[in-house]
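Here the structure is laid out as structure tokens; the discussion comes afterwards.
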Amino acid sequence: MSQRLIIGVVLLLIAGGIIAVVVATGGDSDDSDSSDNSSSVITLNGYIGSEKVAFLRNPEVVRILRERYGIEVDFQDLGSIAQVDGSVDTTEMDFLWPSNEVALALYEERNPGAVSAETIFNSPIVLYSWDFITEALIDQGLVTENPGAYYEIDMPRLVAIILAGQQWSEIGISEFSGNIKVESTDPRESNSGNMFYGLLANLLVEQETGNEIATSESIVLVLPTMKDYLDGLGTLETGSGDLFKKYITQGSGSKPIIVGYESQLIEFSLQNNPDPQLRILYPRPTVWSSHPLIALTPEGERLIEALSDPEIQQIGWTEHGFRSGLASITSDPADLEVSGIPETITSVRNLPSPQVMEYMKDYLEGDQQ
């Protein structure tokens, strides 16, 4: 074989090798995921309620957002009211994710025009307590245990004994001294506390007038009582997640009863070994904590679509305890490894209007007195 022929064969082999490499590694193949957007990932910035931090840090949620929707989320946790009341700069943010519809309404009021928002999750406001306190409340007729081993607490009666100044010792609790109280986050800054005080306003107005929902006229009758109660609690946490974590870590000797979200215990129980003394009490009536995502930019609207993904919604429920906010998706307690969670939440009451809630917040801050 001549030298020229040998060189020609070698060149053909080299060329064939290059072609083979290109076919193996370049372009779209049948095995590629056509929805993979990881090559054009954008980072979205926003404020969220502290109770959703673990959800957005879930590795599977992070993966789906990145690979399926080309999104990474950079967030700071901030109280729901603080997100929308103008106290922080949101000009560099793509989204806000507060924890109630009142926050959305307040944002819409301050920002007239079309607002793109979608309720991603729901979670009822609940009370957390300990087994020995729950048993004492059962003996007093304030708490009932229902089929399925979940507990309901009679909120009008609980409010009545709180306002009457009844002490823990009077219901057989020696571990705590002083008056019976329920501690929430600061209602002037945090959503769960704000919603609890909205429910409290309704219950107090009902005692005064017989009407179930506080109005701008009727709430003035009960605000002094609410302010006195709030002032008597001292310094409060400003984040729902912080209050719950401290309640869990400090144990049954810290606080008798706190306000939180149903989702918090579900999430904690799936990731840790919860204290067997811990109890979740469903208020009767209660209020829904909805979690609307408010898009501030077109990119923020992409996050609404992404978080509506059925797989992400299922992770939100089974791993973090958030009931779906979408009508097309159900949240079945049978999917959970946690017992004592009702299939449906009953005896739900509307909060006062956003204007009344804002007036209440201003009064509690001292701005309306």
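Rule-based calculations on the coordinates, nothing more; no lab input. These numbers were taken from a predicted model, which means no experiment stands behind them. As a convention, Cβ positions derive from the backbone with ideal geometry for all residues, glycine included, and neighbour counts pool all protein chains shown.
Here are the numbers:
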{"item": "Residue 235-residue 139 FRET efficiency (beta carbon distance; Förster radius 30 Å; 0.05 resolution)", "result": "0.40"}
{"item": "Order by protection proxy (mean Cβ within 10 Å, highest first), peptides 150-157, 318-325, 197-204", "result": "197-204, 318-325, 150-157"}
{"item": "Helix 191-209 vs. the chain, principal-axis angle (Cα, 0 to 90°, nearest 10)", "result": "30"}
{"item": "Folded to 0 to 90 degrees: helix 101-110 orientation relative to the chain principal axis, Cα", "result": "80"}
{"item": "Proximal lysines to residue 361, defined as alpha-carbon separation beneath 18 angstrom and excluding residues fewer than eight positions away on the same chain", "result": "227"}
{"item": "Listed peptides 219-227, 75-83 by packing density, highest first (mean Cβ within 10 Å)", "result": "75-83, 219-227"}
{"item": "Calculated Rg and Dmax of the chain using C-alpha coordinates, Å", "result": "26.3, 110"}
{"item": "Loop-located GluC sites (Glu not before Pro) in the range 204-261, at most 15 other Cβ atoms within 10 Å (DSSP)", "result": "212, 217"}
{"item": "Among 187, 147, 310: highest mean-square fluctuation, GNM of the chain, C-alpha pairs under 10 Å", "result": "147"}
{"item": "Between helix 354-365 and the chain: long-axis angle, C-alpha atoms, 0 to 90°, nearest 10", "result": "70"}
{"item": "Protection proxy ranking of 229-235, 92-98 - average other beta-carbon atoms within 10 Å, highest first", "result": "92-98, 229-235"}
{"item": "Spatially proximal aspartates and glutamates relative to residue 255 (Cα-Cα < 15 Å; intrachain offsets below 8 disregarded)", "result": "131, 175, 183, 237, 242, 275"}
{"item": "Linear extension gain, residue 169 paired with residue 157, 0.36 nm per residue minus alpha-carbon span", "result": "2.6 nm"}
{"item": "Using a Förster distance of 30 Å, the FRET efficiency for residue 111-residue 329 (Cβ separation, nearest 0.05)", "result": "0.55"}
